[in-house]
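For reference, the structure is listed below as structure tokens.
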Amino acid sequence: MCIRDRLNAVVLIVISLPLVAADYQDANLSPEERVRDLLPRMTLEEKVGQMAQYVGIEHVAKSEKNMSIEELRRSDARGFYPNLHSSQMPEVIKSGKVGSFLHVVTAEEANMLQRYAQDSRLGIPLLIGIDAIHGNALVRGATVYPAPMSMASTWNLDLVRRANEETAIEMRATGSHWSFTPNIDIARDPRWGRVGETFGEDSYLVGEMGVATIDGLQQGDFTGPTKVIANAKHWVAGGDPINGINLSPMDISIRTLREDFFPPFKRAIDAGVFTFMAAHNEINGVPAHSNHFILTEVLRDEWGFDGFVVSDWMDVGRLHTFHRTATSPKDAVRQAVQGGIDMHMHGPSFLGPLVELVEEGLISEERIDRAAESILLAKFKLGLFEDPFVDISLIEQTLFSEKHQQTALDMAREGIVLLTNKNQILPLKQDLKVFVTGPNASSDAILGDWVLPQPPENITTVVEGIKSLNVSSVDYLDVGNQVKTLSKRDIDTASIRAAKADVAIVVVGENPLRYDRKGKTTGENVARSSLDLIGDQLDLIKSVKSSGKPVIVVLVNGRPVSEPWLIDNVDAIIEAWEPGAKGGQAIAEVIFGLINPGGKLPITIPYSVGHGQAIYDHKPSAYRHKYVDAPTRNLFEFGYGLSYTTFKYDKPRLAKSIISSAETTSVSVNVSNTGDVRGDEIVQLYIRDNYSQVTRPVKELKGFKKINLAPNESKMVTFKITPDMLAYYDLDMNYVVEPGKFTLMVGSSSRNSDLKKVYLEVK
């Protein structure tokens, strides 16, 4: 039932009850009743104002102070408003022309903004959104959890849910109510800067992680003081731009959209997500921000979404200035609202034109009402009309609490992926002389993107983590924290210092820190044309290798690193991704065996940048022929990851090997720990439709279960096989289960050598 239907239903209920004046300020009434009462009291400008979002006053003031007149004139990236000075913004809020804010990173400012809103005619509170992608990390002192790619490497939905529950608590404590996450883009181009902000390349895994995130943030319908609204983004297909660069076009078939890119978003709606964010890109020639097909026909008409859609940063205006489908800024507003955008991010260029469009009859007031209803309903459910303020005295005991630190540490531990381990050199013994170097050894790069500077005492770097374990001897060579620039002197010195140790640990990778604009190499709007280690980092590793001592390479990075030389020449490789504030401790614990690594890759690591698109669920014809200048294989496959123990899979067994298209069955496999230490294993289920009307992937992930086994312990793992796991879009784009045979594969990764097969027939 849509919001309008629910509101109409409320009217019928009210008529049958004793006559009581419905008052939107009465907390005893339902949120729907309160919206029903409030909306008719609002002027057109006030309703449109609810659709207008601004960046925080402090953010604007900082831009005005730190940017030149020319920079301010041509910039849309720092929140400057050419015709509105920061000193004028309080009066705009008091006039009821602002419904939401973002980039409000202190509780003091949040309270200040809400006080201005209380002075408006109707006293409607503000909805404050923030990019709490992996913790509320734009706020100083918040818990910084591992980045989404690290989260996905855990394959632990309960842990992801818990981290987001805690994030919601920290957000509400500092005045925010709406998180612009999960990013459920499918990362299909590793050059893309935002790969690390996603949950990887697989539609099913991304959907599972997205639902866990939504469940953690909203916890149902987000009613209550410790819950926030989640946001499914970016709608849609931003993760496979034609040149790997953020914002660039996407030319894609409707079949691929529905098979690969749509499913996580449909899962998000089924999980109750209340907001969507449109993508920067264009899809088949139509910008996402004016795309009626995706914003209205699919999202609302087909899937029944009844929340609201927010634009991405300044993207309504870009319909005119960038995409050039709109002939004027006013026409851009018309296209966006008619397409399905309900809230504008961000600034004063939206309200005036939209009011004019309604007055001219080009946009109906009913369309405005629908958007305002959803936004107001969110505010009532969040309890903002009763108390929009936060108690600043409680912040210190809420942020970075011991409980939240433990979750961040647990997630960092489980998200580390052991890629190689020659001769079982890992784990190391603590009585060794250890040499440590590399630009990410003592860097905040472990925090990831969407983070502002955090208190140093809250961050455990890799070298700090190693030193905390009472290792016999730790010699640290500081080569700076810039991955782009290493001195030849440091590179040469590294070999000399390594020769005096028993083993060397080199921590390299990328720089995701958005406050280090010059040094940043990954993250939003930072694409790369290569997947090699940037700068002279490989030379540093080679120098250390020349010492003749064993070399452990730790990767701290947001996207796949393709360096075949490492596989052939170093003794172990650890993929840590961006493991958050406790990442250094987790990495050290893995290196020295306090933690047995159990993470698995949520994305394929290709042999080189030229090997993309290197997805595991490719079509049968993808590798019919070979490259002439390099191996065709990937470096590491989706779902892959080593352990300090070993696991044995028996042959899987089907409960029923022949079923009808409407029946269910199950497949079971016995998994044993055949090694000497307890360890986690992620049991993965893949399915292939052997013959079909249209070509199908060679395998698709359809289920996974994480188990923990002691030495010599075995567990039977069972997956239920339902019709939807066998269905696909046929020639006529009907979603069907066809008769025929299916191959079910169960194992430790998507590699064929790691999978055991069994065959199912559908009659």
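Since every read-out is calculated from the coordinates, none of them should be taken as a lab result. Every value quoted in this text rests on a predicted model; they were computed, and no experiment measured them. Using ideal geometry, Cβ is built from the backbone for each residue, glycine included, and neighbour counts are taken over all protein chains shown.
How large is the charge dipole for the chain, taken about the Cα centre, if only the Cβ atoms of Lys, Arg (+1) and Asp, Glu (-1) carry charge, to the nearest 20 debye? If you can, show how the numbers build up before the last one.
Working: 81 positive and 97 negative charges, 412 e Å.
Computed about the Cα centre, the dipole is about 1980 debye.
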Check your understanding: In whole Å, what is the distance between the alpha-carbon centres of region 294-363 and region 85-104?
Key -> 20
**Study point:** Dimensionless Rg/Rh of region 494-610 - Kirkwood Rh, Rg from C-alpha atoms
**Key:** 0.96
Exercise for review: Calculate how steeply helix 57-66 sits against the longest principal axis of the alpha-carbon atoms of the chain, using the helix alpha-carbon long axis, and give the answer as 0 to 90 degrees to the nearest 10.
Suggested key: 70
Exercise for review: Any chance you could tell me what percent of the C-alpha pair distances in region 416-623 go past 21 Å?
Suggested key: 51
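Find the percent of Cα-Cα distances in the chain that exceed 41 Å, and round it to a whole number. Show your work: numbers first, answer last.
Working: 96537 of 290703 pairs.
So the portion of pairs separated by more than 41 Å is 33 percent.
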Point to revise | Kirkwood Rh in Å, taken over all unlike Cα pairs in region 63-186 | key: 16.4
Practice item. Express the relative contact order of the chain as a whole percentage, based on alpha carbon pairs under 8 Å and six or more residues apart in sequence. Key: 12
Exercise for review: Please go through region 615-717 and write out the trypsin sites (Lys or Arg not before Pro) that DSSP classes as loop and that have at most 11 other C-beta atoms within 10 Å.
Suggested key: Arg624, Lys626
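Write out the trypsin sites (Lys or Arg not before Pro) in region 724-758 meeting two conditions: DSSP loop, and at most 16 other Cβ atoms within 10 Å of their Cβ. Write out the running numbers ahead of the final one.
Numbers: sites: Lys741, Arg751, Lys756, Lys757; in loops: Arg751.
When the trypsin sites (Lys or Arg not before Pro) of region 724-758 are filtered for loop state and at most 16 Cβ neighbours within 10 Å, Arg751 remain.
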Practice item. Enumerate the aspartates and glutamates that Lys757 could reach by cross-link, defined here as Cα to Cα under 17 Å, with residues fewer than 8 away along the same chain left out. Key: Asp617, Asp650, Asp689, Glu700
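Can you list the trypsin sites (Lys or Arg not before Pro) in region 301-396 that are in a DSSP coil and have 15 or fewer other beta carbons within 10 angstrom? List each step's numbers first, then the result.
Working: sites: Arg318, Arg324, Lys330, Arg334, Arg367, Arg370, Lys379, Lys381; in loops: Arg324.
Passing sites in region 301-396 are Arg324.
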Review point. Say each of Ser30 and Ala630 gets a label point 7 Å from the Cα, pointing the same way as Cα to Cβ; how far apart are those two points in nm?
Key: 5.9
Check your understanding: Charges only on Cβ, +1 for Lys and Arg, -1 for Asp and Glu: so what's the dipole of region 45-395 about the Cα centre, in debye to the nearest 20?
Key -> 500
Review point. Based on the Cα gyration tensor of region 45-395, what are the three equivalent ellipsoid semi-axes, each the root of five times an eigenvalue, rounded to whole Å and given largest first?
Key: 28, 25, 20
Study note, to complete from the structure: Given Cβ charges of +1 for Lys and Arg and -1 for Asp and Glu, the option among Leu384, Ile368, Pro353 whose Cα lies farthest towards the positive end of the dipole of region 351-392 is Leu384
Check your understanding: Setting aside same-chain residues fewer than 8 positions from Lys542, which aspartates and glutamates have a Cα under 20 Å from its Cα?
Key -> Asp475, Asp478, Asp490, Asp492, Asp502, Glu510, Asp532, Glu563, Asp568, Asp571, Glu575
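Before anything else, pin down the relative contact order of region 474-623: Cα pairs under 8 Å, at least 6 apart, normalised by residue count, whole percent.
Numbers: 200 pairs, mean separation 32.4, N = 150.
Taking the mean separation of contacting Cα pairs over the length of region 474-623, I get 22 percent.
What is the extension gain from Arg300 to Asn423, computed as 0.36 nm multiplied by their sequence separation minus the C-alpha to C-alpha distance, in nm to one decimal? Working shown, then result.
Values: separation 123, 0.36 × 123 = 44.28 nm, distance 5.59 nm.
Gain on stretching Arg300 to Asn423: 38.7 nm.
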Revision key, fill the gap. Checked against the positive end of the charge dipole of region 647-762 (+1 on Cβ of Lys and Arg, -1 on Cβ of Asp and Glu, about the Cα centre), the farthest of Gln693, Thr664, Ser749 is Ser749
**Study point:** Counting DSSP beta bridges with both ends in region 416-623, the antiparallel % (nearest 5)
**Key:** 20
Revision key, fill the gap. With only helices counted (DSSP H, runs n ≥ 4, each -39500 (n - 2.57)), the per-residue ellipticity at 222 nm for the chain, to the nearest 500, works out to -8000 deg cm²/dmol
